[in-house]
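These notes concern the structure reproduced below.
No value in this document is a laboratory result; all are computed from the given coordinates. For clarity, every value in this text was computed on a predicted model and none was experimentally measured. Ideal geometry is used to build each Cβ from the backbone, glycine not excepted, and the neighbour counts take in all protein chains shown.
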Amino acid sequence: MKILGFLIIMGLLSVAFVLLFGFSVLRMFLGAIFGTRPKPHNVSSNQQRTKQATKQTTTPPSAKKIITRDEGEYVDFEEIKDS
């Protein structure tokens, strides 16, 4: 009984795989024949990325970080030697 169920599930999975593969190949051939091209998803998104990349490359490097003397906290240091 278990073997029969396993064989049925494997058969259904293989049929589904063959159908998906077949539709993929059919879509590829129809696209090649009719010259369909995928539509751009979001042109404005690509333009924004280009602007951001340009903005990042044209920004001058920031000045060195200056830490004032009153920043931070003094911590006593005690060296512990292993024997």
Going residue by residue through region 2-8, the Karplus relation 6.51 cos²θ - 1.76 cosθ + 1.60 with θ = phi - 60° gives ³J(HN,Hα) values, rounded to whole Hz and with x marking Gly or Pro, of 5, 5, 5, x, 4, 5, 5
For 22-30, 73-81, ranked highest to lowest by mean beta-carbon neighbours within 10 Å, the order is 22-30, 73-81
